[in-house]
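Encoded as structure tokens, the structure appears first; notes follow it.
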Amino acid sequence: MSATRAPDRLRTGRGATTLRAERRRDRAGRTRYLVGALCVALCTIMLLPLVASMLASVKPTAEAAASPPTYVPDVFSLDSYQRLWTYQEGLPTYLLNSLGTAALTIVFTLLLTVPAAYALARFSVPVKEFIFVVLLLALIVPYQALLTPMFLMFAELGLTNKLVGLAVVHTAIQLPFSLYVLRNSFAAVPRELEEAAIMDGASSLQALRRIFVPATKPAIVTVALFAFIMSWNEFLGALVMMSKGSSFTLPLVLAAARTETSLGGTDWGMLQAGITISIIPCVAFYLLLQRFYVSGLMSGAVK
């Protein structure tokens with residue numbers, strides 16, 4: 001009798017376990033669907049303004065200024081892009097100014113923060129934690145408060161209306177954040193790698209170039225990406241430092257286009273065309289470097 005009941009209990013136990021496993025799979029499946037639906041909803045909310053801006057840029061001038069607005073253009077037109085291309089000094093001039101400033105900002109930021117972060121992370125610098133905190137205090141000081149003295153100093157040095165001067169301003173804005181990111185990344189590199197390089201006769205600069213830079217490439221790329229986006233979109237510093245139309249960056253031109261009139265109001269078509277063009281470099285730069293974000297911090301560092 002007991003021998004007969006034992007298999008029954010075993011089968012009953014296995015059935016309950018299978019039922020619980022099926023319920024867990026069902027809950028996990030419903031959770032995945034809910035998370036997917038939430039992600040789709042958030043992406044839709046984020047993308048709708050961009051899609052509306054792009055559609056507005058290909059409307060005829062009268063339709064772009066219509067009220068209430070139409071969401072899908074009745075007729076596709078590139079007149080807004082043509083007007084923007086020849087606006088004031090010409091769109092290529094402003095694009096080159098923005099790209100040049102952003103490139104200089106990236107170079108200046110990396111040249112300053114990589115050695116500084118390396119020294120603060122790996123060298124026995126006296127009171128280095130205090131120095132690090134003092135450098136980070138710039139994060140709580142609004143850079144807008146410093147633009148007036150910086151403008152006066154740059155005017156004496158002849159750096160106003162020059163891309164180099166504006167890149168220096170953008171570099172000063174970006175330095176605290178970049179230093180924080182890179183210092184923590186350098187500190188996370190195993191000390192055994194550095195000791196092995198020193199035992200092989202490598203100097204500190206050689207260890208930085210051959211060990212730390214490859215190991216912290218994702219952090220360096222992140223710093224470069226943030227520096228590019230900040231410089232590309234920054235407006236107030238450029239407004240203060242630049243007064244010649246030939247030295248304007250794209251955000252300044254878009255602000256000037258805001259006051260340009262068409263049919264008795266703002267030329268919304270040209271303005272939306274400028275916004276659409278300003279988005280493209282940021283998206284392209286991110287897509288070009290996104291593969292570094294999924295790689296591990298120590299990927300390939302240890303053979």
* Asked: GNM on the chain, C-alpha springs below 10 Å: top fluctuator among LEU38, LEU254, LEU48?
  -> LEU38
* If you roll a 1.4 Å probe over segment 32-167 with all protein chains in place, what percent of the accessible area is carbon or sulfur? -> 77
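Return an integer: the convex hull volume of the alpha-carbon atoms of segment 143-199, in Å³ per residue. List each step's numbers first, then the result.
On the way: hull volume 6.6 nm³, N = 57.
It is 115 Å³ per residue.
From the gyration tensor of the Cα coordinates in segment 188-255, what semi-axes in whole Å does the equivalent ellipsoid have, largest first, with each one equal to sqrt(5λ)?
Details: eigenvalues 359, 29, 11 Å².
In descending order, the three semi-axes are 42, 12, 7 Å.
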* Between ALA41, ALA116, ALA273, which gets the highest mean-square fluctuation from a Gaussian network model of the chain, Cα cutoff 10 Å? -> ALA41
* Most fluctuating residue of PHE108, PHE151, PHE130 in a GNM of the chain with Cα springs under 10 Å: which is it? -> PHE130
* Could you name the aspartates and glutamates whose alpha carbon sits less than 14 Å from that of LYS59, not counting residues in the same chain fewer than 8 places away? => ASP74, ASP79, ASP267
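Which value, in debye to the nearest 20, describes the size of the charge dipole of segment 149-227 about its Cα centre when Lys and Arg Cβ atoms bear +1, Asp and Glu Cβ atoms bear -1, and nothing else is charged?
Details: 6 positive and 5 negative charges, 41 e Å.
The calculated dipole for segment 149-227 is roughly 200 debye.
How fast does segment 39-160 diffuse by Stokes-Einstein, in µm²/s, taking the Kirkwood radius from C-alpha pairs at 20 °C and 1.002 mPa s? List each step's numbers first, then the result.
Numbers: Rh = 20.0 Å.
In µm²/s, the coefficient is 107.
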* Asked: Give or take rounding to whole Å, what are the principal axis extents of the alpha carbon atoms in the chain, in descending order?
  -> 99, 66, 33
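Ignoring ligands, DNA and RNA, what accessible area per residue does the chain give at 1.4 Å, in Å²?
Details: 17910 Å² over 303 residues.
Dividing the accessible area of the chain by its residue count gives 59 Å².
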* To do: Go through segment 90-106 residue by residue and turn each phi into a ³J(HN,Hα) via Karplus (6.51, -1.76, 1.60, θ = phi - 60°); whole Hz please, and just put x for glycine and proline.
  => x, 4, x, 4, 6, 5, 5, 4, 5, 5, x, 5, 5, 5, 5, 4, 4
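If you take the Cα atoms of segment 204-291, find Rg, then find the Kirkwood Rh from the mean of 1/r over all pairs, what is Rg/Rh?
On the way: Rg = 18.5 Å, Rh = 15.7 Å.
Expressed as Rg/Rh, it is 1.18.
Taking the Cα centre of the chain as origin, sum charge times position over the Cβ atoms of Lys and Arg (+1) and Asp and Glu (-1), and report the length of that vector in debye to the nearest 20. Don't jump to the answer; show the numbers that get you there.
On the way: 25 positive and 16 negative charges, 400 e Å.
Here the size comes out at about 1920 debye.
The values are calculated or read from the model by the stated rules, or taken from the named source; none is laboratory data. Predicted, not measured: the structure shown is a model, and the values here were computed from it. Positions of Cβ are generated from backbone atoms using ideal geometry, with glycine treated the same way; all protein chains shown enter the neighbour counts. Keep in mind that these areas ignore ligands, DNA and RNA; they rest on the heavy atoms of the full protein, side chains included. Shrake-Rupley method; radii C 1.70, N 1.55, O 1.52, S 1.80 Å.
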